[in-house]
Amino acid sequence: MQPQSDPFIVPACLEDIQVEYEDPDFIVINKPSKLLSLSGKHPLNKDSVHHRIAQQYPTATLIHRLDFGTSGLMLLALNKDTNKQLCDQFAARSVKKEYQAILNGQLAETQGEITFPLIKDADGFPLQKICYETGKPATSRYEVLSYNSDNNTSRVKFEPITGRNTPITIA
């Protein structure tokens with residue numbers, strides 16, 4: 001029996017990847033939102049950071065990923081030694097990661113921690129759901145950076161504690 005292909009087909013991402021920094025050992029790129037870090041399982045989901053970058057930097061390897069809907073900086077190694085050193089730093093959690101988001105409304109608390117057990121949703125990528133029976137803990141700290149009363153939004157900084165993304169649901 002053939003494994004079933006992921007039915008989710010990524011919409012085309014028309015934005016370019018910007019190289020923010022480059023030296024002989026690594027590059028830092030700015031990944032646009034709605035672009036996969038790695039090509040997906042579905043044959044139509046070939047477009048990705050890795051696929052695009054490999055055209056110009058054939059030796060580049062991803063050190064980490066950003067979620068499909070997340071834009072931001074990514075680090076890619078350009079040789080095996082740098083790949084090992086950077087992967088070791090990520091594995092040891094000595095790399096600090098930070099995300100910012102604009103949320104609707106004003107948060108009741110200006111800082112805190114979000115923890116939910118997550119599993120992949122049966123409807124497939126990119127959906128996840130909270131499952132207290134089989135979910136794996138996903139934890140992020142948050143801090144409100146500013147509130148805009150004109151449009152009732154809050155700019156919030158998130159720091160992931162686990163390697164899984166945490167749903168942004170703050171009362």
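The values are calculated or read from the model by the stated rules, or taken from the named source; none is laboratory data. All values derive from a computational prediction rather than experimental measurement. A quick note on method: Cβ atoms are made from the backbone with ideal geometry, for glycine too, and the neighbour counts reach across all protein chains shown.
Values computed for the structure shown
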read-out: Test: residue in the stretch 32-46 that is surrounded by fewer than 13 Cβ atoms within 10 Å (Cβ to Cβ) and either not assigned by TED's automatic domain parsing to the domain that holds I63 or not in a loop (DSSP other than H, G, I, E, B) (or both); value: no
read-out: The lone exception for K46 - which of (1) free of Cβ contacts under 8 Å to residues at least 12 places away in the same chain; (2) within 30 Å of K157 (Cα to Cα) it fails; value: (2)
read-out: Filter result (closer than 24 Å to E22 by Cβ, touching a residue at least 60 places away in the same chain (Cβ under 8 Å) and surrounded by 15 or more Cβ atoms within 10 Å (Cβ to Cβ)) within the stretch 71-114; value: L86, K97, Y99
read-out: Meets criteria (surrounded by 14 or more Cβ atoms within 10 Å (Cβ to Cβ) and not assigned by TED's automatic domain parsing to the domain that holds H64) for P117; value: yes
read-out: Hits in the stretch 73-103 - residues which are closer than 30 Å to S146 by Cα, small (G, A, S) and either more than 18 Å from the chain's Cα centre (by Cα) or not in a loop (DSSP other than H, G, I, E, B) (or both); value: A101
read-out: Residue in the stretch 20-36 that is nearest to L86 (Cα to Cα), counting only those that are modelled with pLDDT under 95 and not hydrophobic (A, V, I, L, M, F, W, C); value: S33
read-out: Unmet requirement for I17, which otherwise passes all of (1) farther than 29 Å from K80 by Cβ; (2) modelled with pLDDT of 90 or more; (3) surrounded by 15 or more Cβ atoms within 10 Å (Cβ to Cβ); value: (1)
read-out: Pairs where the first residue, in the stretch 15-43, is more than 19 Å from Q100 (Cα to Cα) and the second is among the acidic types (D, E), C-beta under 6 Å, 6+ apart; value: K41/D6; H42/D6
